[in-house]
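The values are calculated or read from the model by the stated rules, or taken from the named source; none is laboratory data. Only a predicted model underlies this, so the values are computations on that prediction, with no experimental measurement involved. Methodologically, a virtual Cβ is constructed for each residue, glycine included, from the backbone with ideal geometry; neighbour enumeration extends over all protein chains shown. The protein model used for the area step is the full one, side chains on, heavy atoms only, and it has no ligands, DNA or RNA in it. Shrake-Rupley method; radii C 1.70, N 1.55, O 1.52, S 1.80 Å.
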Amino acid sequence: MNNYVNRKWMGVLSIIVIGSTLAACTGGTSGETGKNPEPGKGEAPSASSKPVTLKAFETDINNPIPPGNSMSIPTIAYLGSKTNTILDVTFLSHGKYNEQLRLKMAAGEYPDFYWTGGFANEETLANGMVLPLNELIDKHAPNLKKVIPQSAWDAVTLKGQIMAIPRFSGGGTDTDRLIYVRKDYLDKVGAKIPSTSDEFLDMLRLLRDKDPDGNGKDDTIPFIGRQSFGWMENIFGMWGVDPSANIPYNNEIIPGYLHPNMKPALEFIRTMYKEKLLDQEFLSNTGSIFTQKLNSGQAASYNHTVEQIADFQQAIQDANKNHKVDVVAIPTPKGKGYTGPVGNRKNPFGVSTIVMKTTKHPVEVIKLFDWIASEEGQVYVDIGTEGDTYRKEGDKYIYDSANDKNKSNLRAVFAVTPLYFNKQTIQARYSPEAIKRIDQAYEIARKEGLPNPTVAMPKPKALSENPELSWYSSSMIQETMTKIVYGELPVDYFDTFVQDIRKQGGNQLIKEMTEWYNSNKTK
């Protein structure tokens with residue numbers, strides 16, 4: 001997995017939650033010692049209090065985990081020592097995280113807290129097992145309140161109750177994906193940065209025809225995507241849609257794949273595919289194949305997270321040492337005939353931490369994450385510990401990335417701040433040139449983004465009864481889109497498809513989502 005792809009995970013592990021039985025906050029008084037710390041300084045463990053053991057489930061983010069008990073892992077033990085806790089962490093396989101989490105819950109293995117992609121494990125929320133955090137955060141978490149923006153808190157709030165600790169999106173933006181191009185390739189073929197969908201096609205045609213890498217071969221991929229139309233969000237976003245999102249339309253909340261603007265977006269992708277402006281193998285590209293093609297320099301443009309631009313720039317440069325690589329973010333072009341907002345759906349947070357109502361130590365859990373949100377905790381999550389993975393020269397941090405290779409993932413799962421949030425640690429990780437590239441991407445991201453009205457919405461009954469209505473699990477929806485893109489079905493078939501889906505439970509899904517939105521997010 002590419003360096004620091006583990007810090008975003010957005011769209012990789014989306015979990016749609018069902019039902020909710022919201023109870024009043026039951027924050028206990030276990031372990032309360034002394035007064036609240038000043039924001040930014042963290043709270044030092046009390047010398048007189050005995051450390052409590054906190055059990056946690058976390059993802060391994062597809063990284064190796066040291067053998068043995070987690071409490072013997074220095075990285076985890078250090079976090080415990082700084083927060084007066086003993087952390088008993090079970091790392092679950094990233095690819096099967098949801099499945100393994102549910103199995104453990106079904107067997108009655110309840111942690112004090114657990115990591116989740118998105119908002120919450122569906123069974124715990126549905127069964128009223130998630131602890132509301134309002135009172136605990138007000139009393140014990142000045143750093144969490146200071147660093148996490150209100151938009152992220154709002155996203156994990158249901159009927160006034162904060163149901164998770166969110167890891168918020170970075171850079172002052174809720175939009176986490178952009179289109180990137182090889183500016184060095186554009187300069188070579190005489191292409192300009194596009195502002196419309198037609199200009200985007202013109203740019204891709206030049207990249208296809210003019211051998212931008214100069215190797216005399218017809219092997220440059222103008223734009224690359226991957227399985228299930230992955231990493232193509234901003235292509236759909238030229239028309240203000242996303243097949244995996246829910247979108248306001250005509251006073252309703254509808255699935256993105258049913259929105260009328262999906263039709264011109266699919267027609268556009270069909271043109272890209274037909275003219276070989278899109279990787280002809282895009283629907284069979286696994287994550288590893290996608291990353292290999294991208295890192296090798298074979299792809300001239302792509303869609304990805306805002307956070308990872310510097311890492312992709314470095315990876316592509318490392319693979320093309322004889323060529324000056326220049327990866328830049330571009331504003332999402334406007335789709336032909338469309339005048340609304342463009343880009344990727346806004347997402348105020350990527351992953352979150354859920355505190356179980358069964359915990360005997362709610363205060364200690366909150367204080368643990370409040371320390372992580374402190375300046376000292378941010379340094380720990382980002383670059384590790386002094387004398388091991390970094391050293392200081394005056395006020396400057398010198399980061400040892402080689403020694404941190406299999407340690408950063410053990411810390412990243414506890415993060416509440418995004419990459420590029422702490423300027424001190426980012427300057428330790430990246431050069432001034434890389435930081436300039438990062439800032440340019442975030443500047444663009446702050447200016448675009450699509451509404452995301454159902455963030456934190458429990459799973460509608462209609463989806464439980466008919467999984468084929470879910471973009472993530474529906475072979476029917478994706479196969480229809482694929483056939484339109486491949487030219488096996490006419491573009492106008494999209495209208496028939498919409499009518500059929502609405503009759504097969506789509507109208508009920510729309511009704512439930514609209515009612516939830518009107519009850520939970522409009523007041």
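Angle, helix 97-106 long axis vs. longest principal axis of the chain, Cα atoms, 0 to 90°, nearest 10?
Its long axis makes an angle of about 40 degrees.
Within the set Lys293/Lys459; Lys50/Lys407; Lys55/Lys447; Lys293/Lys511; Lys96/Lys407; Lys55/Lys146, which residue pairs have Cα atoms separated by over 32 Å?
Lys293/Lys459; Lys55/Lys447; Lys293/Lys511
Could you please put Asp187, Asp174 in sequence from largest to smallest accessible area, using a 1.4 Å probe?
From most accessible down to least: Asp187, Asp174.
Round to a whole number: what % of the accessible area of the chain belongs to carbon and sulfur, probe 1.4 Å?
For the chain, the apolar C and S fraction of the accessible surface comes to 49 percent.
Can you give me the angle between helix 197-209 and the longest principal axis of the chain, using Cα atoms only, in degrees from 0 to 90, rounded to the nearest 10?
Its long axis makes an angle of about 80 degrees.
Nearest 10 degrees is fine. How inclined is helix 432-445 to the longest principal axis of the chain, computing both from alpha carbons?
70 degrees
Amide H to amide H under 5 Å from Leu158: which residues, 5+ apart in sequence or cross-chain, H placed 1.01 Å off N in plane?
Residues meeting the amide H criterion: Met163.
In whole Hz and in residue order, list the ³J(HN,Hα) couplings for segment 341-348 that follow from phi through the Karplus curve 6.51 cos²θ - 1.76 cosθ + 1.60, θ = phi - 60°; x for Gly and Pro.
x, 10, x, 9, 4, 6, 9, x
What accessible area per residue comes out for the chain, rounded to a whole number of Å², with a 1.4 Å probe?
Here the per-residue accessible area is 41 Å².
Please list, in chain and number order, the residues 5+ apart from Ile253 or on another chain whose amide H is under 5 Å from its amide H, with Hs placed from the backbone.
Under 5 Å from the amide H of Ile253: Thr514.
Determine ³J(HN,Hα), in whole Hz, for all residues of segment 176-184 in sequence, where each value follows from phi through the Karplus function 6.51 cos²θ - 1.76 cosθ + 1.60 and θ = phi - 60°; x replaces Gly and Pro.
Listing the rounded values in order: 10, 9, 9, 8, 10, 9, 7, 4, 5 Hz.
Using +1 at the C-beta of Lys and Arg and -1 at the C-beta of Asp and Glu, which of Pro348, Pro458, Ile383 has the Cα lying farthest in the positive direction of the dipole of segment 343-460?
Pro458
Would you mind checking which residues have amide H under 5 Å from Thr53's amide H? H placed 1.01 Å from N; only 5 or more apart, or other chain.
Those lying under 5 Å, H to H, from Thr53 are Ile86.
Whole-Hz ³J(HN,Hα) for each residue in segment 214-225, computed from phi via Karplus 6.51 cos²θ - 1.76 cosθ + 1.60 with θ = phi - 60°, x for glycine and proline: what do you get?
x, 9, x, 10, 8, 10, 7, 8, x, 9, 10, x
Eigenvalues of the Cα gyration tensor times 5, then square-rooted: what semi-axes does that give for segment 401-440, in whole angstrom, largest first?
20, 13, 7
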